[in-house]
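Some notes on the structure that comes next.
The values are calculated or read from the model by the stated rules, or taken from the named source; none is laboratory data. Given the structure is predicted, the values throughout are model-derived calculations rather than measurements. Cβ placement follows ideal geometry from the backbone for every residue including glycine, while neighbour counts extend to all protein chains displayed.
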Amino acid sequence: MTLSNLTDIAASNIAAAQKELAVFSAKLAENPAHAMEWSGRAFTAAAALKVYMTVERWIQNAHAGLAEQKDEVAVLRAITHFSLRQVLQAASRATSRSSSPTSNLMEDAEGAAWTGLYETLTRGW
């Protein structure tokens, strides 16, 4: 995995999430009640958008300061460690921690998005 690969992965996930949210937005405008009843994919897309936009910002900030190849490895390692921390944090919480069901759904979706990123980063280890 390189920062260039991760940049491509982040961009692809951001584009897919934005597309899914645009579809949801159109359905919401057309029939709000029905759209909300079937909004699970919107939660997943919103969580993926949040996670991969965070990764994209990290990479952009890192590119400004990269001087050597070992710096790129350090950035990838830091992103991998942070994503693992997010996965462990999500796993350690009770799903119904909040009295808001939608907050719980978003928290679960974010945990799943961080898990997906971690799996992508560690594939082939």
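Please go through the stretch 30-58 and give me each residue that is free of Cβ contacts under 8 Å to residues at least 24 places away in the same chain, outside any loop (DSSP other than H, G, I, E, B) and among the hydroxyl-bearing types (S, T, Y), ordered by number.
So the first thing to find is which residues in the stretch 30-58 are free of Cβ contacts under 8 Å to residues at least 24 places away in the same chain, and the list is 30-39, 41-42, 54, 57-58.
Within this subset, residues satisfying the condition of being outside any loop (DSSP other than H, G, I, E, B) are 30, 32-37, 41-42, 54, 57-58.
Scanning the stretch 30-58 gives a single hit, T54.
Pick from the stretch 1-29 the residues that are in contact (Cβ under 8 Å) with a residue 12 or more places away in the chain and of a type in the set (S, T, Y): which of them is nearest to K50 (Cα to Cα)?
By that ranking, first place goes to T7.
When you scan the stretch 22-33, do you find a residue that is closer than 16 Å to M1 by Cα and among the hydrophobic types (A, V, I, L, M, F, W, C), even just one? Before the answer, list the steps.
If we filter the stretch 22-33 for residues that are closer than 16 Å to M1 by Cα, which is where we start, we get none.
No, that holds for no residue.
Quick one: A78 ticks every box in (1) surrounded by 16 or more Cβ atoms within 10 Å (Cβ to Cβ); (2) out of contact with any helix residue (DSSP H, G or I) (no Cβ under 6 Å at 6 or more places or on another chain); (3) under 14 Å from V55 (Cβ atoms) bar one, so which box is it?
(1)
Please verify whether L6 is part of a helix (DSSP H, G or I) and touching a Leu at 6+ places or on another chain (Cβ under 8 Å), treating the condition exactly as stated.
Values: part of a helix (DSSP H, G or I): yes; touching a Leu at 6+ places or on another chain (Cβ under 8 Å): yes.
In short, yes.
Taking the criterion of being outside any helix (DSSP H, G or I) and either under 21 Å from the mean Cα position of the chain (by Cα) or under 26 Å from D108 (Cα atoms) (or both), would at least one residue in the stretch 59-75 satisfy it? I'd like the intermediate steps shown before the answer.
We begin by selecting, within the stretch 59-75, every residue outside any helix (DSSP H, G or I); these are 66-68.
Subsequent filtering for residues that are either under 21 Å from the mean Cα position of the chain (by Cα) or under 26 Å from D108 (Cα atoms) (or both) retains none.
No, every residue in the stretch 59-75 fails to be outside any helix (DSSP H, G or I) and either under 21 Å from the mean Cα position of the chain (by Cα) or under 26 Å from D108 (Cα atoms) (or both).
Tell me, please, whether a residue that is assigned to a helix (DSSP H, G or I), at pLDDT below 90, hydroxyl-bearing (S, T, Y) and within 25 Å of M36 (Cβ to Cβ) can be found in the stretch 103-119.
yes
How about the stretch 82-125: which of its residues are exposed (fewer than 12 other Cβ atoms within 10 Å of the Cβ) and closer than 22 Å to L3 by Cα?
Within the stretch 82-125, E119, R123, G124, W125 meet the criteria.
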